[in-house]
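The structure under discussion appears below in the form of structure tokens.
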Amino acid sequence: MYTTSLRLKFRASANPAKEGSLLFQLIHHRSVRKIKSAYRIYLDEWDAEHGQILLPPVSSPRHAQLALIRQQVEREMGQLRRIVEKLELSASPWSLDDVVSQFTPGGNTSASVFGFMRRQIQYKRQLGKIRSSETYAATLRSLMRFREGEDLPFRELDAVLMERYESYLLRQGLTRNTTSFYMRVLRANYRQAVEMGLTPDLDPFRHVYCGIDKTVKRSLSLADIKRIKELDLSNSLARAYARYMFLFSFFTRGMSFVDMAYLTKQDLKGGYLSYRRKKTGQLLTMEWTRQMQAIVEKYPPNPTRYLLPIITREDGTERRQYQNQMMKINRHLKHIAGLLKLPVALSLYYSRHSWATIARGKDIPLAVISEGLGHHSEVTTQIYLDSIKSWEVDKANREIMKGL
């Protein structure tokens, strides 16, 4: 029978507006030892009755951080239990000092960059944020190649290392926007590690580029869109399919392909199409036009719950199906661009830029265009939502459709 108790405790800050500390309390033969953890939470995030961290709704900005802290705390509690069990099974006398001396907070991963990012990737997947988990994984793979597989603690992730990493990426032939992508993902992880108390903020990204360079605009004129629509592709069903998926995206105000793939038949009701953007969760509603209906009618009804013939099997491979279709469509769109001698390497993403550019050229207000695209930010989106109605966006879309 074990004689040592282990509990998680919370010590509130004297200032209610500040975070308090989480501690591990060990009691052995009337001896009490409290080990302060690296993690801090607010008083209303602590469940005193059950001795655990309270998780807010998934929509809360604190949910991901608190879930990760709880996961870390449980891991460290497990490490302490294993140390105690091993000591109690030994024949030698021991004290709580022995437990403390063997305990390494976070094991070998809590303050390591690779370990932290792996847990972030796993947690993003649990939340269903697959795209975010993929971008995190791509960044981790890149950093691991730079480090030749050698992990490092956050305290070694400094400005000199980040400059060396940026130089390494540029030598690989990556553009500044691509290197900035990796830096921004790393910075997001670093900031969360700082908030969790895993490292002081050493500002390691102060000398590397984390912005977004202006690129060549990926937009077509309305005349080009019309040429794509009227091109004779009767000799290639695959290219015709690529053309229609491109046009459907354009007709739906530049809808992203992932949102197109996951549209369900239930999303279309009463002459309106409503869906939530995969990227932001924002609900968008638009008028269902004859151009959209004409594309749907070109193909037999999808045997699945999905509206478009992109995901055609519900067998757990849905994401792979949509990714494969996207690659095929973009390949065929480039061939279509060649047939029409378009000055761009056409891809699905051109539909979004083209819709916005054409709308702006018709003097449609910028706020209406932003609402139509489903752009989201803490400041501007609220302004849009306060002043822009769905019918105004539908009116803008009808203006564009007149040219087709």
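The values are calculated or read from the model by the stated rules, or taken from the named source; none is laboratory data. Just so we're clear, the structure is a prediction, and the values are computed from it rather than from any experiment. Cβ coordinates were reconstructed from backbone atoms using ideal geometry, including for glycine residues, and neighbour counts include every protein chain displayed. Just the protein is used for accessible areas: all its heavy atoms, side chains included, with ligands, DNA and RNA removed. Shrake-Rupley method; radii C 1.70, N 1.55, O 1.52, S 1.80 Å.
Would you mind working out the accessible area per residue for the chain, using a 1.4 Å probe, and quoting it in Å²?
Values: 21930 Å² over 404 residues.
Accessible area per residue: 54 Å².
From the list [x] 22.0, 71; [y] 20.4, 64; [z] 27.1, 87, can you say which value of Rg and Dmax of the Cα atoms in Å was derived from the structure given?
Matching entry in [x] 22.0, 71; [y] 20.4, 64; [z] 27.1, 87: [z].
Quick one: if the Förster radius is 30 Å, what FRET efficiency do S90 and E148 give, using the C-beta to C-beta distance and rounding to 0.05? Please report the intermediate quantities before stating the final value.
On the way: r = 40 Å, r/R0 = 1.32.
Computed FRET efficiency for S90 and E148: 0.15.
Just want to confirm a number: the relative contact order over the range 218-355, from Cα pairs under 8 angstrom separated by 6+ residues, in percent. Please report the intermediate quantities before stating the final value.
Numbers: 170 pairs, mean separation 49.5, N = 138.
Relative contact order, the range 218-355: 36 percent.
Could you size up the charge dipole of the range 132-267 around its Cα centre, putting +1 on the beta carbon of Lys and Arg and -1 on that of Asp and Glu, and report it in debye to the nearest 20? Please report the intermediate quantities before stating the final value.
Numbers: 21 positive and 17 negative charges, 146 e Å.
Its charge dipole is roughly 700 debye.
Ranked from the most accessible area to the least, with a 1.4 Å probe and all protein chains present, what is the order of V100, V344? Before the final figure, lay out the partial values.
Details: V100 55, V344 30 Å².
Ranked list, largest accessible area first: V100, V344.
Just reorder S180, S219 by solvent-accessible area, largest first, 1.4 Å probe, all chains present. Walk me through the intermediate numbers first.
Details: S180 0, S219 35 Å².
I get S219, S180, largest accessible area first.
So what is the calculated 222 nm ellipticity per residue for the chain, using -39500 (n - 2.57) for each DSSP H run with n of 4 or more, over all residues, to the nearest 500 deg cm²/dmol?
On the way: 15 runs with 197 residues, N = 404.
Rounded to the nearest 500, the figure is -15500 deg cm²/dmol.
Would you please name the trypsin sites (Lys or Arg not before Pro) within the range 164-246 that are DSSP coil residues with at most 16 other C-beta atoms within 10 Å of their C-beta? Don't jump to the answer; show the numbers that get you there.
Working: sites: R164, R171, R176, R184, R187, R191, R206, K214, K217, R218, K226, R227, K229, R239, R243; in loops: R206, K214, K217, R218.
Loop-located and lightly packed - R206, K214, K217, R218.
Quick one: putting +1 on the C-beta of Lys and Arg, -1 on the C-beta of Asp and Glu, what dipole do you get for the chain around its Cα centre, in Debye to the nearest 20?
Working: 64 positive and 40 negative charges, 238 e Å.
That gives the chain a dipole magnitude of about 1140 debye.
Just how far, in whole angstrom, is the range 250-287 from the range 1-24 if you go by their alpha carbon centroids?
Computed from Cα coordinates, the inter-centre distance equals 47 Å.
Expressed as a whole percentage, what fraction of the accessible surface of the chain belongs to carbon and sulfur atoms when a 1.4 Å probe is rolled over the protein heavy atoms?
Numbers: 11320 of 21930 Å².
Within the chain, the accessible surface is 52 percent carbon and sulfur.
Put +1 on the Cβ of each Lys and Arg and -1 on the Cβ of each Asp and Glu in the range 1-96; which of I41, S31, A17 then has its Cα farthest toward the positive end of the dipole?
So the residue furthest toward the plus end is S31.
So if R0 is 30 Å, what FRET efficiency would L231 and E399 give, r being the distance between their Cβ atoms, rounded to the nearest 0.05?
Values: r = 24 Å, r/R0 = 0.79.
According to the calculation, E is roughly 0.80.
Roughly what would the spin-label model give for E19 and Q323, points 7 Å off Cα along C-beta, in nm?
Roughly 3.3 nm, to one decimal.
Stretch E195-L340 to full length: gain in nm at 0.36 nm per residue minus the Cα-Cα span? Display every interim value, and only then the final one.
Details: separation 145, 0.36 × 145 = 52.20 nm, distance 5.30 nm.
Stretched fully, the E195-L340 segment lengthens by 46.9 nm.
Under a point-charge model restricted to the Cβ atoms of Lys and Arg (+1) and Asp and Glu (-1), what is the dipole moment magnitude of the range 89-188 relative to its Cα centre, in debye to the nearest 20? It would help to have the intermediate numbers written out before the result.
Numbers: 15 positive and 10 negative charges, 161 e Å.
Using only the charged Cβ atoms, the result is roughly 780 debye.
Can you figure out the FRET efficiency of T285 with A188, using R₀ = 35 Å and their beta-carbon distance, to the nearest 0.05?
Working from the Cβ atoms, E equals 0.70.
Which length gain, in nm to one decimal place, applies between R11 and Q122 when the Cα-Cα distance is subtracted from 0.36 nm times their residue separation?
Between R11 and Q122, full extension yields 37.0 nm more.
Given the options I310, I27, I41, which has the most mean-square fluctuation in a GNM of the chain, springs set between C-alpha atoms less than 10 angstrom apart?
Fluctuation is largest for I27.
Sequence neighbours fewer than 8 away in the same chain don't count; with that in mind, list the aspartates and glutamates whose C-alpha is under 12 Å from K34.
K34 reaches D97.
Quick check: with the 1.4 Å probe, what order do H28, H332, H50 take by accessible area, largest first?
Details: H28 15, H332 45, H50 120 Å².
The most accessible residue leads, giving H50, H332, H28.
Tilt of helix 176-195 relative to the longest C-alpha principal axis of the chain, in degrees (0 to 90, nearest 10)?
With rounding to tens, the tilt is 30 degrees.
List the GluC sites (Glu not before Pro) within the range 37-93 that fall in a DSSP loop (any state other than H, G, I, E or B) and whose Cβ has at most 14 other Cβ atoms within 10 Å. Walk me through the intermediate numbers first.
Values: sites: E45, E49, E74, E76, E85, E88; in loops: E49.
Here the sparse-neighbourhood loop sites are E49.
Once both axes come from the Cα atoms, what is the angle between helix 113-126 and the longest principal axis of the chain, in degrees from 0 to 90, rounded to 10?
Approximately 60 degrees, to the nearest ten.
Run the numbers on the range 141-293 and let me know its relative contact order in percent, using alpha-carbon pairs under 8 Å that are six or more apart. Walk me through the numbers before you get to the answer.
Working: 109 pairs, mean separation 24.2, N = 153.
Computed value for the range 141-293: 16 percent relative contact order.
Can you tell me, using C-alpha contacts under 8 Å and at least 6 residues apart, the relative contact order of the chain as a whole percent? Mind dumping the intermediate values first?
Details: 471 pairs, mean separation 42.9, N = 404.
Rounded, it is 11 percent for the chain.
What angle do you read, to the nearest 10 degrees and between 0 and 90, between the alpha-carbon axis of helix 318-339 and the longest principal axis of the chain?
Helix 318-339 sits roughly 40 degrees off the main axis of the chain.
Grab the Cα-Cα distance for H207 and L170, subtract it from 0.36 nm times how many residues apart they are, and report the gain in nm with one decimal.
Values: separation 37, 0.36 × 37 = 13.32 nm, distance 1.46 nm.
Answer, rounded to one decimal: 11.9 nm.
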